[in-house]
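J.: I am attaching a structure below and will ask some questions about it afterwards.
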Amino acid sequence: MIYLDNGATSWPKPESVVEAVEKALRAPASPGRSGHKAAHAASRSVHRARKGIAKIFGVKDPERVAFTPNVTWAVNAALWGLGLKEGDHVLSGALEHNSTARPLRRLERGRGAAWERVDPGPDGILDPEEFRRRLRPETRLVVINHASNVTGALAPAREIKEAAGEVPILVDTAQTAGSVPLDDMGQWADFICFTGHKGLLGPTGTGGLCVKEGARFSPLAVGGSGSRSESLEHPDFLPDALEAGTHNTHGLAGLAAAAEFLLETGIDRIREHELALAELFMAGALQASGLRILGPQPGDRRRVATVSVTLEGYSSSDLARILEEGYGIMTRAGLHCAPLTHQACGSFPGGSVRFSFGYFNTFQEAEAAAGALREIAAKPRAAGLS
Ligand SMILES: Cc1ncc(COP(=O)(O)O)c(C=O)c1O
């Protein structure tokens with residue numbers, strides 16, 4: 001089996017992550033709730049996760065990292081927490097995942113906030129100048145998917161923030177956290193949304209957002225926080241303001257171990273390995289006749305190791321099925337929860353087959369995937385049609 005679906009969730013997880021989850025599951029505690037030793041130990045473990053995530057994003061104060069079940073929840077917490085209303089304007093890239101596109105659509109339909117999208121250029125990359133041009137006096141937020149989960153295109157998010165000036169920026173780092181060094185992001189991004197189970201190598205059910213000092217929002221959900229129990233008002237300080245209800249203690253223990261693994265390994269090293277895998281794969285795959293790579297082409301470092309292809313004569317679902325059944329290669333076919341991106345790339349509604357590489361993939365696996373595509377492409381086209 002060759003696992004090339006790290007864009008969906010990374011696999012395998014480091015052994016230290018698996019061990020940390022198991023150890024936490026065996027411990028009798030809910031963090032921040034009781035005063036006994038086990039509860040304190042659980043609180044320390046959650047804090048370790050906060051510290052690790054803060055370090056990865058260059059956030060000085062770990063208390064500004066709030067945990068949620070995933071990036072989808074984090075994006076919703078930020079978008080709804082900003083209280084956007086009729087007359088407000090939100091600018092986003094056109095490469096958004098449904099986890100931001102659907103809340104934005106709902107804000108548009110339900111609250112009357114205007115949502116405008118900026119298309120990528122012919123190279124698949126967003127242009128900060130285009131964002132500068134589209135800013136309006138009533139623009140309240142800029143939303144950026146830091147790397148497309150379809151094409152792998154990296155957004156020049158820092159330059160977009162510079163263009164946006166005082167307008168806050170929300171960055172969806174689902175496809176970059178853990179795969180691209182982001183240790184300056186805490187200095188300039190207002191809302192950094194992350195998910196723990198992809199490049200961060202942690203368990204599913206973990207994610208969160210880092211909120212820059214001065215960024216204003218109100219909590220989306222309120223409830224028990226383990227703090228200020230005398231009051232019926234939910235705390236307004238971080239991280240409690242955004243963490244109503246019991247933590248995913250074992251998931252966060254795994255995320256703490258994952259962050260430590262990433263920091264010890266070096267995210268710059270991970271990036272180079274993943275990019276080298278993608279380059280090797282793309283060079284080999286492009287020899288297959290009728291194959292098209294969406295977005296940034298070989299040699300362009302403005303990408304992550306997520307590569308989407310279409311192959312003439314094959315639907316994306318047929319191609320993925322042949323790859324799995326004939327070659328044991330696991331990919332993801334279709335629209336990848338990102339119809340807007342496929343529209344921008346001209347691959348809607350058929351979609352593409354996505355090969356997403358991770359730190360634990362090998363060069364042999366990348367070469368095998370490219371070889372499989374060459375072999376499939378060399379067969380009579382009709383053989384691929386269902
Ligand atoms: C760019 C992007 N944003 C958001 C998400 C949603 O992630 P999650 O399901 O962990 O919230 C994904 C993953 O599917 C993604 O690739």
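The values are calculated or read from the model by the stated rules, or taken from the named source; none is laboratory data. Note that this is a predicted model, so its numbers are computed, not measured. Heads up, the Cβs are rebuilt from the backbone with ideal geometry, glycines too, and the neighbour counts pull from every protein chain shown.
J.: Is it the case, given these coordinates, that Gly254 is within 30 Å of Phe363 (Cα to Cα) and not charged (D, E, K, R)?
T.: yes
J.: Next up: Can you list residue pairs whose Cβ atoms sit under 8 Å apart, with the first residue in segment 205-223 being under 13 Å from Asp236 (Cα atoms) and without any contact (Cβ under 8 Å) to a residue 24 or more places away in the chain and the second being away from the ligand (no atom under 15 Å from the Cβ) and assigned to a loop (DSSP other than H, G, I, E, B)? Count only pairs 6 or more apart in sequence or on different chains.
T.: From segment 205-223, the pairs are Val222/His234; Val222/Ala244; Gly223/His234; Gly223/Ala244; Gly223/Gly245.
Residue-wise test of (1) assigned by TED's automatic domain parsing to the domain that holds Ala174; (2) out of contact with any strand residue (DSSP E or B) (no Cβ under 8 Å at 6 or more places or on another chain); (3) within 16 Å of the ligand (Cβ to nearest atom).
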site: Ala74; (1), (2), (3): yes, no, yes
site: Ala77; (1), (2), (3): yes, no, yes
site: Trp80; (1), (2), (3): yes, yes, yes
site: Leu91; (1), (2), (3): yes, no, no
site: Glu108; (1), (2), (3): yes, no, no
site: Ile125; (1), (2), (3): yes, no, yes
site: Arg136; (1), (2), (3): yes, no, no
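J.: Taking the stated definitions as given, is Arg102 surrounded by fewer than 16 Cβ atoms within 10 Å (Cβ to Cβ) and within 11 Å of the ligand (Cβ to nearest atom)?
T.: yes
J.: Condition (residue is under 19 Å from Lys60 (Cβ atoms) and away from the ligand (no atom under 11 Å from the Cβ)) applied to segment 169-176: is it met by at least one residue? Quick ask: steps written out before the conclusion?
T.: As a first pass, look at segment 169-176 and keep what is under 19 Å from Lys60 (Cβ atoms): 169, 171, 173.
Subset that is away from the ligand (no atom under 11 Å from the Cβ): 169.
There is at least one residue in segment 169-176 that is under 19 Å from Lys60 (Cβ atoms) and away from the ligand (no atom under 11 Å from the Cβ).
J.: Same structure, new question: I'd like the residue in segment 141-168 that is under 17 Å from the mean Cα position of the chain (by Cα) and assigned to a loop (DSSP other than H, G, I, E, B) and, out of all such residues, is nearest to the ligand (Cβ to nearest atom).
T.: Residue satisfying both the conditions and the ranking: Asn149.
J.: Out of everything in segment 128-161 that is closer than 18 Å to Ala305 by Cβ and β-branched (Val, Ile, Thr), what residue ends up being surrounded by the fewest Cβ atoms within 10 Å (Cβ to Cβ)?
T.: This residue is Thr151.
J.: Residues Gly205, Gly245, Gly214, Gly224: which one is of a type in the set (Gly, Ala, Ser) and either within 12 Å of the ligand (Cβ to nearest atom) or assigned to a helix (DSSP H, G or I) (or both)?
T.: None of the other options fit; the residue is Gly205.
J.: Related question: Return the pairs, sorted by first residue and then second, in which the second residue is buried (at least 21 other Cβ atoms within 10 Å of the Cβ) and among the acidic types (Asp, Glu), the first residue lies in segment 332-344 and is not assigned by TED's automatic domain parsing to the domain that holds Ala153, the beta carbons are less than 9 Å apart, and the residues are 6+ apart or on different chains.
T.: Cβ pairs passing all conditions: Ala338/Glu96; Leu340/Glu96; Thr341/Glu96.
J.: Among the residues in segment 45-55, are any among the hydrophobic types (A, V, I, L, M, F, W, C) and closer than 21 Å to Trp188 by Cα?
T.: yes
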